[in-house]
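Have a look at the structure below before the remarks.
Please treat every number below as a calculation from the coordinates, not as lab data. Keep in mind it's a predicted model, so treat the numbers as computed, not measured. Cβ: placed from backbone, ideal geometry, glycine included. Neighbour counts: every protein chain shown.
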Amino acid sequence: MDAISKYEHVPNRHEMIHDPMMLEIIRRSQSAAPDSHTATLCDWIFLGCYNGFRKSKWCNDHHTTFARIKDPLWSGPDAVSFIAEDFSFFTRAGVRLSNIATLSLDQVSYSTILHPQQKNNNNFQSITYGK
């Protein structure tokens, strides 16, 4: 409860994860399995640092339901948070790797993330990330 109380007094909730905390997460993720909770958490934190993800893009408030886009004119997937189809992986030649379950990181040269709905209404923006 002390940590929550301290965090509530941080202006604009900056510095939620301090450098020593991040270093510890990195340290733990290096010895964890690539698909472990620790490694996944580390990846999401790094990705969020460069993207400035809002909470609604990477998590949900409940474990049994998820937030949906409520705009009656919306077409396409209605999940507010990212879904697997929002991520694409490509070779150096620009060939999309379609089966992510069988690919290796050595095959991936860059990836894109599709942002179907954004607060600024720049919807369906695709952002490219290099390796």
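Brief remarks on what is shown
- Sequence ranges 85-91, 96-102, ranked by mean other-Cβ count within 10 angstrom, highest first: 85-91, 96-102
- Amide H partners (placed H, <5 Å) of Asn123, local residues excluded: Gln118
- Three principal axis extents describe the C-alpha atoms of region 55-107; from largest down they are 39, 27, 17 Å.
- The simple spin-label model puts a point 7 Å past each Cα toward its Cβ; for Thr128 and Phe90 those points are separated by 0.4 nm.
- Computed FRET value (nearest 0.05) for Trp44 with Leu73, which takes r as the C-beta separation and R₀ as 41 Å: 0.85
- Once the C-beta distance of Arg28 and Ile100 is scaled by a Förster radius of 25 Å, the resulting FRET efficiency is 0.55 to the nearest 0.05.
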